[in-house]
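Remarks on the structure that follows.
The values are calculated or read from the model by the stated rules, or taken from the named source; none is laboratory data. Fair warning: this is a prediction, and the values are worked out from it, not measured in the lab. Here the Cβ positions follow ideal geometry from the backbone for every residue, glycine too, while neighbour counts run over all protein chains shown. Ligands, DNA and RNA are stripped out before the accessible areas are found, and what is left, the full protein with its side chains, is counted by its heavy atoms. Shrake-Rupley method; radii C 1.70, N 1.55, O 1.52, S 1.80 Å.
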Amino acid sequence: NLSTVSEFVFVGLSDAPEIRLLLFVLFLLIYLATMAGNITLLVAISTDSHLHSPMYFLLGNLSLLDLLCPTITVPKMLGALLLEHKKISFSGCLFQHFSLIAVVGTEIFLLAVMAYDRYVAVCHPLRYPSIMNMKLCAQLAVGTWATGLLNSLLHTSLVFTLSFCGPNKIQQYYCDIPPVLALSCSSTHSRELVLLVVAGVLGGSACVLTVVSYIYILLEILARNSPGIWHKAFSTCGSHLTVVCLFYGTTICTYVRPSFTYSPRRDRVVSMLYGMLTPLLNPIIYSLRNKEVKCALKRVISQV
């Protein structure tokens, strides 16, 4: 009597009717603030000539990813909260899953590239214009997007070629790897192992590059030991380091672990951190820590 699942049902946040309207208003405001912040930052980077440099080119890519990440999941969640439209087709779930993993993976690799950019800026300031030229930055950006898409294609093909013939209720507000795997009626151990290895190798490589870059930055600061070097280095790297800690911490907790440790309630909280709050905080962090960005934002707002 088993039949193939043709649609899934979200039972994440919309299963609390007494606070559904409050959650809708709260998440709508967060989503609108995220859109406004990242669009403003993108406009400032593209229109202000002072920000036409490799560092801000990479920051513009980060803002674009922060626009895409909540847009993939939040509108569907808002519809479930307000209209109780909790269903999503199998193909719609597949597309949402592919898009989200592509964006998250691309952001992980992009943060590693941004760490390398900060390393060159601090450790090789005189050679920075020749090393981090716009051609190399464009190639690195294209490489991060391509790697993110290929990584997502592998993850999506491994997850959605499984058999789904039983329960179809996803314990989350979007189609993520752990809750979808939990619904499969076929063995998932071998595919989970492949997913963990791929995520570990790619994510670990990006994380190692980021850590090594900051180790070299720290060693360079200690070697110089000149007045004001700590303040200058923190103003150069502080924003990126804050974003890295926030984003890496939440994504590693979500994806780089076996499925038997999956906890729907805890994972919903963690996924909100990297899916909604991180894209909201990124433009705030960069604008508060960077004088050039603050000046550019003031000019954009005054023009508007």
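Could you tell me whether region 187-204 includes any residue that is surrounded by 16 or more Cβ atoms within 10 Å (Cβ to Cβ) and over 30 Å from Ala80 (Cβ atoms)? Even if it seems obvious, please write down each step before you answer.
Of region 187-204, the ones surrounded by 16 or more Cβ atoms within 10 Å (Cβ to Cβ) are 188, 191-192, 195, 199, 202-203.
When the remaining residues are screened for being over 30 Å from Ala80 (Cβ atoms), the result is 202.
Checked against the condition, which is being surrounded by 16 or more Cβ atoms within 10 Å (Cβ to Cβ) and over 30 Å from Ala80 (Cβ atoms), region 187-204 yields at least one hit.
Looking at Leu78, Leu65, can you tell me which residue is among the aliphatic types (A, V, I, L, M) and either open to solvent by less than 10 Å² (accessible area, probe 1.4 Å) or over 21 Å from Pro279 (Cα atoms) (or both)? Please lay out each step first, then the result.
Working: Leu78 fails: either open to solvent by less than 10 Å² (accessible area, probe 1.4 Å) or over 21 Å from Pro279 (Cα atoms) (or both).
Exactly one residue qualifies, and that residue is Leu65.
Right, Thr106: within 30 Å of Cys165 (Cβ to Cβ), of a type in the set (S, T, N, Q) and buried (at least 20 other Cβ atoms within 10 Å of the Cβ) or not? Write out each step before concluding.
Working: within 30 Å of Cys165 (Cβ to Cβ): no; of a type in the set (S, T, N, Q): yes; buried (at least 20 other Cβ atoms within 10 Å of the Cβ): yes.
Judged against the criteria, Thr106 is not a match.
Considering only region 180-209, how many residues are in contact (Cβ under 8 Å) with a residue 12 or more places away in the chain and under 14 Å from His155 (Cα atoms)?
Count: 13.
Among the residues of region 171-186, which ones are open to solvent by 10 Å² or more (accessible area, probe 1.4 Å) and part of a helix (DSSP H, G or I)?
Residues satisfying the conditions are Ile177, Pro178, Leu181.
Which members of region 46-74 meet the condition of being closer than 15 Å to Val243 by Cα and not in a helix (DSSP H, G or I)?
none
Any residue in region 214-228 that is open to solvent by less than 20 Å² (accessible area, probe 1.4 Å), assigned to a helix (DSSP H, G or I) and over 30 Å from Met77 (Cβ atoms)?
Residues of region 214-228 that are open to solvent by less than 20 Å² (accessible area, probe 1.4 Å), as a first pass: 217, 221.
Next cut, assigned to a helix (DSSP H, G or I) only: 217, 221.
If we keep only those that are over 30 Å from Met77 (Cβ atoms) as well, we get 217, 221.
Within region 214-228 (the criterion being open to solvent by less than 20 Å² (accessible area, probe 1.4 Å), assigned to a helix (DSSP H, G or I) and over 30 Å from Met77 (Cβ atoms)), the answer is yes, since at least one residue qualifies.
Taking region 36-48, which residues are open to solvent by 30 Å² or more (accessible area, probe 1.4 Å) and among the aliphatic types (A, V, I, L, M)? If you could, list the steps in order and put the result at the bottom.
Initially, region 36-48 is screened for residues open to solvent by 30 Å² or more (accessible area, probe 1.4 Å), giving 36, 39-40, 42-43, 46-47.
Residues satisfying the conditions are Ala36, Ile39, Leu42, Val43.
Looking at region 9-24, I want the residues that are at pLDDT below 80 and surrounded by 12 or more Cβ atoms within 10 Å (Cβ to Cβ) and have a partner that is acidic (Asp, Glu) and part of a loop (DSSP other than H, G, I, E, B) with Cβ atoms under 8 Å, at least 6 apart or on another chain. Which pairs are those?
Ser14/Glu84
Filter region 153-170 for residues that are among the hydroxyl-bearing types (Ser, Thr, Tyr) and open to solvent by less than 20 Å² (accessible area, probe 1.4 Å) and give the result.
Thr156
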